[in-house]
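Engineer: Below you'll find the structure I mean.
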Amino acid sequence: MLSVYEGFFSGGARMLHTDAVIGLHEGGGQRHSVLSMHGEMHREATRQRMEDDACYARLTAAGVPVTSLGRHADPGGGLQPSAGLPLTAGPQFSTAELAATARLAAEADVVLSLKEQPLGLLNQAVPAHRPVVVCLHRSDPENQGPALDDLRAAVAAGRVAACVCCAESTRDAYVAAGVPAGLMHVIPNGVDLLRFRPDPVRRVLLRASLRIPPTAPVIVFAARYAEMKNVPLFLRAARAYLRREPRARLLLCGAGMTAENLGLLADIAAAFADRPRLAGRLSLLGVRLDMEAVYAAADVVSLTSSNGEAAPLCLIEGMMCGAVPVATDVGDCVSIVAGHGFVTQPDPEAIAAAWSEAAARRTELAPSLASSRERFSRTRMVSSYATLLDRVHRESGRVALH
């Protein structure tokens, strides 16, 4: 199995897919490798090298081979080919890039495309008889630019054997966009339940490291600095919440959630213009490798996205660590949060009120969060991936014989 990534950068889809690949590879029944189109990305006001990425480190540590075409994304968002390679095989990819991709694909029985973005490459480099499984992780295909057209072209050419949708909202949105329903398979997201669990020791240590009192309400916002995450709405809700909760603290984690991001600083200044001192109770933590500790230290995990979400990993990870989820109604958030937390209108005061109620009812909701753990198990998710990929492999062999 060959997985093709657009690049390595902080984000839920990459973490989820990486977790699945490692589980499948270590299970012994399948052998996996990864190809990254880019060796370096510049996103969310953060330059992210493949070799520095946590997913890259986890894959290589698990024995999964990882290679790159060596592309990079410039600060303006433009995509550049590998240095010194002429674009002779099309508007985007060089002859050498296509040849490298074709060589790796020829060694695999099935090719996995992480989201639609690699399909522009795969449509040119991979023979039509090589089955491609597209892993979809959003609920807004129309906002994926030319990648949606690449997906439609791959389907029309018969390259796509299946699409893995991480949420019901993903399946519904892509079917509405013209992808055949028969190709769609929903495999809900899962997480490592040994890593993501309530942990009183982690809670105490993380709070102590940030000088947060043991009984202070803590809200965590784990998201990259992207338009779809609606960071300004979160900050306006934070201002309203901090006014009513004088002991509360808010932790912002993810790519671009640092004091070096001038865009984020401008958003904070705008949200707290009339009460700048309240912003002193925001902690900008950036990308963290110990999110299990951050979630364990929190009372509430929140998401204020306006579009694009399907089955947000931050809500699941936070819930499994005992944080009460509060989210806007995007993607499958309603079904994920139901019975465990709160769904709010995209209104700062409504969100702030939900945070207060969630923090106050954390102990009451703990049994419900605990009883949902198996539903969000990584083991269940990996097993479902294995069953689907084995089936695609078997069926592609029968087609080849005819």
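The values are calculated or read from the model by the stated rules, or taken from the named source; none is laboratory data. The structure displayed is predicted, hence computed values, not measured ones. Backbone-built Cβ (ideal geometry, glycine too); neighbour counts: all protein chains shown.
Engineer: Let me spell it out: the conditions are (1) touching a Ser or Thr at 6+ places or on another chain (Cβ under 7 Å); (2) at pLDDT 90 or above; (3) of a type in the set (A, V, I, L, M, F, W, C), and Ala89 meets all of them except one. Which number is the exception?
Structural biologist: (2)
Engineer: Mind listing whichever residues of the stretch 1-30 are farther than 16 Å from Val392 by Cβ and in a strand (DSSP E or B)?
Structural biologist: Tyr5, the sole residue that qualifies.
Engineer: Somewhere in the stretch 252-268, is a residue assigned to a loop (DSSP other than H, G, I, E, B), over 19 Å from Arg14 (Cβ atoms), in contact with a Phe, Trp or Tyr (Cβ under 8 Å, 6 or more places away or on another chain) and touching a residue at least 40 places away in the same chain (Cβ under 8 Å)?
Structural biologist: yes
Engineer: Let me ask something additional. Please specify each residue of the stretch 1-42 satisfying the condition of being more than 25 Å from Gly254 (Cβ to Cβ) and either in contact (Cβ under 8 Å) with a residue 24 or more places away in the chain or touching a Pro at 6+ places or on another chain (Cβ under 7 Å) (or both).
Structural biologist: Taking the stretch 1-42 first, the residues more than 25 Å from Gly254 (Cβ to Cβ) are 1-2, 24-33, 35.
The answer is Met1, Leu2, Leu24, His25, Glu26, Gly27, Gly29, Gln30, Arg31, His32, Ser33, Leu35.
Engineer: I would also like to ask the following. Would you please name the residue that is surrounded by the fewest Cβ atoms within 10 Å (Cβ to Cβ), looking only at residues in the stretch 294-340 that are closer than 18 Å to Gly254 by Cα and either hydroxyl-bearing (Ser, Thr, Tyr) or not assigned by TED's automatic domain parsing to the domain that holds Tyr241 (or both)?
Structural biologist: Selected residue: Ser306.
Engineer: Taking the stretch 156-201 on its own, how many of its residues are in a helix (DSSP H, G or I) and among the aliphatic types (A, V, I, L, M)? Full working, then the answer.
Structural biologist: Quick first cut of the stretch 156-201, residues in a helix (DSSP H, G or I) only: 156, 168-176, 181-183, 200-201.
Okay, now just the ones that are also among the aliphatic types (A, V, I, L, M), so 156, 173, 175-176, 181, 183, 201.
Residues meeting the conditions: 7.
Engineer: If you go through the stretch 224-247 one residue at a time, how many are part of a loop (DSSP other than H, G, I, E, B) and either without any contact (Cβ under 8 Å) to a residue 60 or more places away in the chain or over 18 Å from Ala353 (Cβ atoms) (or both)? Before the answer, list the steps.
Structural biologist: Quick first cut of the stretch 224-247, residues part of a loop (DSSP other than H, G, I, E, B) only: 224-226, 230, 245-247.
Add one more test, that the residue is either without any contact (Cβ under 8 Å) to a residue 60 or more places away in the chain or over 18 Å from Ala353 (Cβ atoms) (or both), and what stays is 224-226, 246-247.
Selection size over the stretch 224-247: 5.
Engineer: Sticking with this structure for a sec: Is there a residue being buried (at least 22 other Cβ atoms within 10 Å of the Cβ), farther than 22 Å from Ala360 by Cβ and of a type in the set (Gly, Ala, Ser) anywhere in the stretch 234-254?
Structural biologist: yes
Engineer: Here is a follow-up. Every residue in the stretch 166-219 that is in contact with a Pro (Cβ under 9 Å, 6 or more places away or on another chain) and hydrophobic (A, V, I, L, M, F, W, C), please.
Structural biologist: Of everything in the stretch 166-219, those that are in contact with a Pro (Cβ under 9 Å, 6 or more places away or on another chain) and hydrophobic (A, V, I, L, M, F, W, C) turn out to be Cys166, Ala167, Ala173, Ala176, Ala177, Val179, Val204, Ala208.
Engineer: Which pairs have Cβ atoms under 7 Å, sit 6 or more apart or on different chains, and link a residue in the stretch 278-298 that is within 14 Å of Tyr241 (Cβ to Cβ) and in contact (Cβ under 8 Å) with a residue 24 or more places away in the chain to one that is part of a helix (DSSP H, G or I) and not aliphatic (A, V, I, L, M)?
Structural biologist: Leu278/Arg239; Leu278/Arg243; Ala298/Gly318
Engineer: Moving on to the next point. Give just the number: which of (1) out of contact with any helix residue (DSSP H, G or I) (no Cβ under 6 Å at 6 or more places or on another chain); (2) within 30 Å of Thr379 (Cβ to Cβ); (3) in contact (Cβ under 8 Å) with a residue 60 or more places away in the chain; (4) not in a helix (DSSP H, G or I) does Phe221 not satisfy?
Structural biologist: Phe221 satisfies every listed condition except (1).
Engineer: Given the criterion over 29 Å from Leu289 (Cα atoms), of a type in the set (D, E, K, R) and either surrounded by fewer than 21 Cβ atoms within 10 Å (Cβ to Cβ) or at pLDDT below 95 (or both), identify the matching residue among Glu40, Glu107, Glu51. Give the steps one after another, and end with the answer.
Structural biologist: On the way: Glu40 fails: over 29 Å from Leu289 (Cα atoms); Glu51 fails: over 29 Å from Leu289 (Cα atoms).
After applying the criteria, what remains is Glu107.
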